[in-house]
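Here's the structure, in structure tokens; my notes come after.
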Amino acid sequence: MAHPDSHVTIHMAASLDGFIARKDGRVDWLETSDEFAGGDTMDPGFVEAFLRTIDCYVMGSRTYETAVSFEARGLGWSYGDKPTFVLTSRELPRIRDTVQFYSGDLAQFVNGRLRPSFRTIWFVGGGAVSGECLRLGLAVEVRYSILPILIGDGISFFEKLDRDIALHLAEVKAYKNGMVELRYEVRGHRDESTERHITNRRLSTAANARSRRSR
Ligand SMILES: NC(=O)c1ccc[n+]([C@@H]2O[C@H](COP(=O)([O-])OP(=O)(O)OC[C@H]3O[C@@H](n4cnc5c(N)ncnc54)[C@H](OP(=O)(O)O)[C@@H]3O)[C@@H](O)[C@H]2O)c1
């Protein structure tokens, strides 16, 4: 059975024109330099505490390959000691004990394997996997960090969406380095309609009870 309040978040950083990497996969532009006087400073203590709330990460194989190359160049591993699930149909090097590979139906994997064990499930890209996650209606939340740069062309935040997906803007934060963090809730998500259904049922039960009492 799924963890009662397990939820899937998609989080990535992108250029203002909506790209998460250049066409050839390079992310050199992530290092931007800007100053926004009215922005917040990122508090390392807060970031650390926040990262502790994430229970596992999910990523596509091309994102994993970037992470592996970062690690090889001494730039570190961004996913701490949290279980990290890599989607791939290939044989890739397993560079940490926390890494596990999966190939197959993504909805079955998330609902059948991840949701029973993890509460906070973070999809960290790339565009192909994020698109798939949204198409399948798995994500309840999208976190989009916009960097102060335009790169003209590249891999889109969400590849190949087949329909519009309505969002609710839930949070906006601007930082001193010019980054803007947007948090959106996915509207019409299964959990939202389930919640509405439960609320409606409660309201109708309460109305029935009131009408029984007044008879
Ligand atoms: N700016 C950011 O925050 C950010 C974040 C993440 C990534 N990126 C960048 O984005 C680029 C990668 O994005 P991308 O869209 O090209 O690729 P991706 O989403 O990282 O990976 C896609 C690949 O994952 C594998 N895959 C996906 N679903 C699968 C499934 N259900 N079963 C088995 N395998 C599955 C397939 O590869 P195989 O089966 O062939 O292995 C597929 O081609 C990289 O350059 C990365 O650095 C940037």
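The values are calculated or read from the model by the stated rules, or taken from the named source; none is laboratory data. Note that this is a predicted model, so its numbers are computed, not measured. Note that each Cβ is placed from the backbone with ideal geometry, even for glycine, and that neighbours are counted across all protein chains shown. Note: areas computed on protein heavy atoms with side chains; ligands, DNA, RNA excluded. Shrake-Rupley method; radii C 1.70, N 1.55, O 1.52, S 1.80 Å.
Kindly establish whether residue 33 is within 22 Å of residue 153 (Cα to Cα) and open to solvent by less than 60 Å² (accessible area, probe 1.4 Å).
No, not satisfied.
Quickly run through the stretch 70-86 and pick out the residues that are within 12 Å of the ligand (Cβ to nearest atom), hydroxyl-bearing (Ser, Thr, Tyr) and surrounded by 14 or more Cβ atoms within 10 Å (Cβ to Cβ).
79
Can you name the residue in the stretch 178-196 that is assigned to a loop (DSSP other than H, G, I, E, B) and at pLDDT below 95 and, of all such residues, is most open to solvent (accessible area, probe 1.4 Å)?
That would be 187.
Tell me which residues, restricted to the stretch 1-26, are assigned to a loop (DSSP other than H, G, I, E, B) and surrounded by 16 or more Cβ atoms within 10 Å (Cβ to Cβ).
Once the filter is applied, which keeps residues that are assigned to a loop (DSSP other than H, G, I, E, B) and surrounded by 16 or more Cβ atoms within 10 Å (Cβ to Cβ), the stretch 1-26 yields 6, 18, 22.
Among the residues of the stretch 98-120, is any near the ligand (Cβ under 8 Å from one of its atoms) and closer than 26 Å to residue 48 by Cβ?
no
Out of 89, 15, report the one residue that is within 9 Å of the ligand (Cβ to nearest atom) and under 18 Å from the mean Cα position of the chain (by Cα).
Among 89, 15, only 15 is within 9 Å of the ligand (Cβ to nearest atom) and under 18 Å from the mean Cα position of the chain (by Cα).
Which residue is surrounded by the most Cβ atoms within 10 Å (Cβ to Cβ), if the candidates are limited to the stretch 42-69 and must be in contact with a Lys or Arg (Cβ under 7 Å, 6 or more places away or on another chain) and under 19 Å from residue 143 (Cα atoms)?
In this case the residue turns out to be 57.
Just wondering, is there one or more residues in the stretch 87-100 that are open to solvent by 50 Å² or more (accessible area, probe 1.4 Å), more than 23 Å from residue 157 (Cα to Cα), touching a strand residue (DSSP E or B) at 6+ places or on another chain (Cβ under 6 Å) and not small (Gly, Ala, Ser)?
Checked against the condition, which is being open to solvent by 50 Å² or more (accessible area, probe 1.4 Å), more than 23 Å from residue 157 (Cα to Cα), touching a strand residue (DSSP E or B) at 6+ places or on another chain (Cβ under 6 Å) and not small (Gly, Ala, Ser), the stretch 87-100 yields at least one hit.
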